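Report on one structure; see the data block that follows.
The values are calculated or read from the model by the stated rules, or taken from the named source; none is laboratory data. Predicted, not measured: the structure shown is a model, and the values here were computed from it. Here Cβ is always computed from backbone atoms with ideal geometry, including for glycine, and neighbour counts include all displayed protein chains.
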Amino acid sequence: MTLFERKDVASKDLEALCAQRLRRARWPEQVKCPHCHSDEVTDIRQYMDVFQRYLCLACGRTFNDKTGTIFENSKISLSAWAEAAYLLTADQPVTVIAENVGVSYPTALRMVRELRKSSLLHTLEEVVREKRFRPWKRLGFESVE
Ligand SMILES: [Zn+2]
């Protein structure tokens, strides 16, 4: 199975799981508005199937699970970010990350730089380790089995 076939099969469940972990990491107790830090927040609707959208009752602004994170304006799926995080913490070079995640070298390089700065690096990397999705055997990754 190629990387892209695997993604098509797994993408929605995996994306939902990554979104759930992101929520839990950002707001372990209660969702807080990233604009004004109020916890007077109400769910309004789903966003792209797996993300939750919120309305802040204090400042009236809306936000979602990704607002204010490195993933906010990214077209790359959270599960692809998770793969990159995993490979990065496994000390893999950018070329390997680009190939496995299915992005260009400059994109992979940008992802690595963002991930290195982010407190969410390990949150996503853990999802990959726990779910044991493993497209990396051809690169010698056997350890997650
Ligand atoms: Zn607010």
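What is the residue count in segment 39-63 for residues that are within 9 Å of the ligand (Cβ to nearest atom), in contact (Cβ under 8 Å) with a residue 24 or more places away in the chain and not in a strand (DSSP E or B)?
Final tally of qualifying residues: 3.
Each row is one residue, and each column tells you yes or no for (1) modelled with pLDDT of 95 or more; (2) not hydroxyl-bearing (Ser, Thr, Tyr).
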| residue | (1), (2) |
| --- | --- |
| LYS7 | no, yes |
| CYS36 | yes, yes |
| ASP43 | no, yes |
| LEU57 | yes, yes |
| ALA80 | no, yes |
| THR89 | no, no |
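Taking GLN20 as the residue in question, decide whether it is out of contact with any strand residue (DSSP E or B) (no Cβ under 6 Å at 6 or more places or on another chain), part of a strand (DSSP E or B) and away from the ligand (no atom under 14 Å from the Cβ). If you could, list the steps in order and put the result at the bottom.
Details: out of contact with any strand residue (DSSP E or B) (no Cβ under 6 Å at 6 or more places or on another chain): yes; part of a strand (DSSP E or B): no; away from the ligand (no atom under 14 Å from the Cβ): yes.
Spelling it out, it is not the case that GLN20 is out of contact with any strand residue (DSSP E or B) (no Cβ under 6 Å at 6 or more places or on another chain), part of a strand (DSSP E or B) and away from the ligand (no atom under 14 Å from the Cβ).
Residues in segment 64-106 that are away from the ligand (no atom under 16 Å from the Cβ), hydroxyl-bearing (Ser, Thr, Tyr) and either crowded, with 20+ Cβ neighbours inside 10 Å or in a loop (DSSP other than H, G, I, E, B) (or both): how many?
Of the residues in segment 64-106, 6 are away from the ligand (no atom under 16 Å from the Cβ), hydroxyl-bearing (Ser, Thr, Tyr) and either crowded, with 20+ Cβ neighbours inside 10 Å or in a loop (DSSP other than H, G, I, E, B) (or both).
Please work out which residue is surrounded by the most Cβ atoms within 10 Å (Cβ to Cβ), limiting yourself to segment 25-38 and to residues that are away from the ligand (no atom under 11 Å from the Cβ) and in contact (Cβ under 8 Å) with a residue 12 or more places away in the chain.
Ranking the qualifying residues of segment 25-38, first place goes to ARG26.
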